[in-house]
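These notes concern the structure reproduced below.
Bear in mind that the values in this text are calculations on the coordinates, not laboratory data. Computed from a predicted model, the values in this text were never measured in an experiment. Here Cβ is always computed from backbone atoms with ideal geometry, including for glycine, and neighbour counts include all displayed protein chains.
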Amino acid sequence: MATGFLTDTTVCIGCKACEVACKQWNQLPADGYEFTGDSYDNTKQLSGTTWRHVAFIENPKKKRLTGDIDLVALAEDVTEPLPNGAELDALGRWAFMSDVCKHCVAAPCQQACPTGSIIRNEFDNVYIQPDICNGCGYCVPACPYGVITQAPHDGRAFKCTLCYDRQVDGLEPACAKACPTNSIQFGDVEDLKVMAEERVQELHDKGYTQAYVWGTPEVGGTGGIDGNHSKFILMDEPETYNLPKHPYLPQEKVKGGVVAGAIAAGVLGAVVALAFRD
Amino acid sequence: MSDTTRQDLTQGNGHVTNGRPETSHHPETDPKREDKHYYGIPPIKHAHWTWQIPVYFWIGGIGAGTHLFSTVAQLLGHDDPALKRASRYTVLVTMILSPIMLIWDLGRPERFYNMMRILKLRSPMSTQSWSLLIFGNLGGLLAARQAAEDGLMGRNALSGLLIRLIPERLLSLLALPFGLFVGFNTGNLISATSVPIWARNWALMAPTFLASGLSTALSWLSLVLHLTRSGEPKTLRALHRAERATIVIEAGLIAASLVRMSRWGKPLFSKSVAPLFVGGALLSGIAAPAALLFSGKQTRGKSILSSLLVLAGGLAFRFALIKAGRISADDPEAYFTFASDRSAPQPEDKV
Ligand code: SF4
Ligand code: SF4
């Protein structure tokens, strides 16, 4: 059985409970008090010491709502035209998204790792074995989503383990457990896929036709990665959440690169041989 | 815009610019707009590599190219003791320094041996470690025999044994493919990442590294032979011709790489990298030595000068590429444009 996450950004309230639960359960060190000035999100990004990161997308709209607006009706999801042609989004939108390792089906970090420290465990999750990693850092630029870094003062690379230790004991990962709105759901990847499709259909029926699943082979998993075991329901372009639209498997071209190098070696060898002809 | 309804908006026929509905926080819907990112925070992480890695690329290339030149000379029956000596010791020193650089760079240097735990053909870091191990050891044996021949170990039974037991020709030939692999695979090492400027150039990165490595190696050999006033005239002539040809090939490959990198190659011309790339790699590493190599009669002074320039240019080129990779990885715009359509390497692309 392959387990994974489904992160439904449409119900995320940005409480960061998952971030805190992850830090606590995995005993991750603090990242320091840094004030970004960008938004209420001062965590900024995933790293070797932050395995869940809640992004706050706070871009207020330039246009303003005018006239007599029934805010309660707005909140209750009315679909009739708004007075004065105002847009629903005109209040500005706060979107939240709890980011995590995508547990790629064909994982670039795993293919890059020269020590074989990164494996797929019995739950089909991408897992770094800390007793083997020698901190070469090659998995870091390989990851198409910027998930892994080397932990400072430790040297080794770390990322989400999908709470391997909890799963072994039959528990769900700490972030999914802590999430008060069920924005983070944990389960069998096949079940999550069905749940994601149903939820997107539900959103479409309500009029949110921009909702879609990211992390399928079509979106967020092309170019040889074959999709992700951490799926997301998004409401905007992937880039808004700092995710690429069509990531690719960096190792796809290793063979081609070796062939090109071998051809070059042959040509240069011949050039050297010719240079000896007087 | 006064009669736009919410329904219109969600169905994409509301306020439409360039055929796309306007969404909440992207007032401009121009496909080439610059604001597609999350507060400019890099979506991928750059490699941590500092100076050890470009220096390793440089010395590894010198070792590989030196071995190529001396082995070809040997195969063609051109036996020049000075060339052989210079090349054997060069390979030895570069292959001692290379692993030191690589292990120094590790987050947990004491665990370097885990590289030898497994062989992964898809991981250039893994194949690089193995080829270094093999090339280094074969090169070490060859250097040991050389040292015995040179009397560095004294004229004793051990020296005699080494000379008799180490099959020079066979080992040189055996080491050649691994040496060449060390020389070009550094290109694949950087292109098999998510960094746009490197990944974009996957087909030409390995050939460029090998050509540049060979040109630094030839310059190194010519420098050593000229400074020690050794080497047969035929060796020096061959070196000179090979240097000329290689520098032209290298220049062509760098030019083709720039074309291939297209907009993602911009970091090479950024303020912090341009002095290294344009000034160091292109002008002092290629243009100036090419002018010296192709102009008039060759003198010892000119050869020494052009060798020094090529060696410095090769080092600058490697630093420039690593630095440019960092800028490229830190630029959300570069990564998102690269990973949004068919610019990134696709499974069906061929060499
Ligand atoms: S998202 Fe990155 S770290 Fe996670 S499995 Fe994929 S490549 Fe590895
Ligand atoms: S840093 Fe560790 S996990 Fe990452 S590639 Fe190197 S050995 Fe593997």
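Counting every other Cβ atom within 10 Å of each residue's Cβ, B:Val182, A:Val105, A:Val11 order from fewest to most as A:Val11, A:Val105, B:Val182. Arranged from fewest to most other beta-carbon atoms within 10 Å of their beta carbon, A:Tyr248, B:Tyr89 become B:Tyr89, A:Tyr248. From helices alone, chain A scores -7500 deg cm²/dmol at 222 nm; the rule is -39500 (n - 2.57) for each run of n ≥ 4 DSSP H residues, then divide by the residue total.
Of all DSSP beta bridges in the protein assembly as shown, what percent run antiparallel (nearest 5)? Walk me through the numbers on the way to the answer.
Working: 26 of 30 bridges.
Antiparallel: roughly 85 percent of the beta bridges in the protein assembly as shown.
For region B:282-321 versus region A:160-208, the inter-centroid distance based on Cα atoms is 60 Å. Dividing the Cα radius of gyration of the protein assembly as shown by 2.2 N^0.38 Å, with N the residue count, gives 1.13.
Exceeding 20 Å between C-alpha atoms, which entries from my cross-link table qualify? They are A:Lys253/B:Lys323; A:Lys255/B:Lys45; A:Lys245/B:Lys36; B:Lys84/B:Lys302. Walk me through the intermediate numbers first.
Numbers: A:Lys253/B:Lys323 22 Å; A:Lys255/B:Lys45 24 Å; A:Lys245/B:Lys36 11 Å; B:Lys84/B:Lys302 23 Å.
The pairs that break the limit, which is 20 Å between Cα atoms, are A:Lys253/B:Lys323; A:Lys255/B:Lys45; B:Lys84/B:Lys302.
Here the Karplus curve 6.51 cos²θ - 1.76 cosθ + 1.60, taken at θ = phi - 60°, turns the phi angles of region A:259-266 into couplings of 4, 4, x, 5, 4, 4, 4, x Hz, with x standing for Gly and Pro.
Across all C-alpha atoms in chain B, the radius of gyration and Dmax reach 25.0, 100 Å.
In this model, which of A:Lys231/B:Lys120; A:Lys102/B:Lys266; A:Lys16/A:Lys231 are farther than 22 Å apart at the alpha-carbon? Violating the 22 Å limit, Cα to Cα: A:Lys231/B:Lys120; A:Lys102/B:Lys266. Here the Karplus curve 6.51 cos²θ - 1.76 cosθ + 1.60, taken at θ = phi - 60°, turns the phi angles of region A:166-171 into couplings of 6, 4, 4, 8, x, 9 Hz, with x standing for Gly and Pro.
When the charge dipole of the protein assembly as shown is built from unit charges on Cβ atoms (+1 for Lys and Arg, -1 for Asp and Glu) and taken about the Cα centre, the candidate among A:Val271, B:Ala199, A:Ala112 whose Cα reaches farthest toward its positive end is A:Val271. Find the relative contact order for chain B and round it to a whole percent, using C-alpha pairs within less than 8 Å whose residues are 6+ positions apart. 22 percent. Per residue of B:176-189, other chain Cβ atoms within 10 Å of the residue Cβ number 4 on average.
The mean count of C-beta atoms from other chains within 10 Å of the C-beta of residues in B:45-53, rounded to a whole number, is 4.
Take every residue in peptide A:208-221, count the Cβ atoms of other chains within 10 Å of its Cβ, and give the average of those counts. Mind dumping the intermediate values first?
Details: counts 1, 6, 6, 1, 0, 0, 0, 0, 0, 0, 0, 0, 1, 0.
Taking all residues of A:208-221 together, the mean is 1.
Taking every C-alpha pair closer than 8 Å and separated by at least 6 residues, the mean separation divided by the residue count of chain A gives a relative contact order of 25 percent.
Here the residues A:Lys245, A:Lys23, ranked from fewest to most Cβ neighbours within 10 Å of their Cβ, fall in the order A:Lys245, A:Lys23. Angle of helix B:202-227 to the longest C-alpha principal axis of chain B, folded into 0 to 90 degrees and rounded to 10: 30°. Our coupling estimate for region B:312-320, obtained by passing each phi through the Karplus curve with A = 6.51, B = -1.76, C = 1.60 and θ = phi - 60°, is 5, x, x, 5, 4, 4, 5, 5, 4 Hz, Gly and Pro reported as x. Based on alpha carbons, the Rg and Dmax found for region A:169-278 are 23.5, 82 Å. Kirkwood's formula applied to the C-alpha pairs of chain A gives a hydrodynamic radius of 21.0 angstrom.
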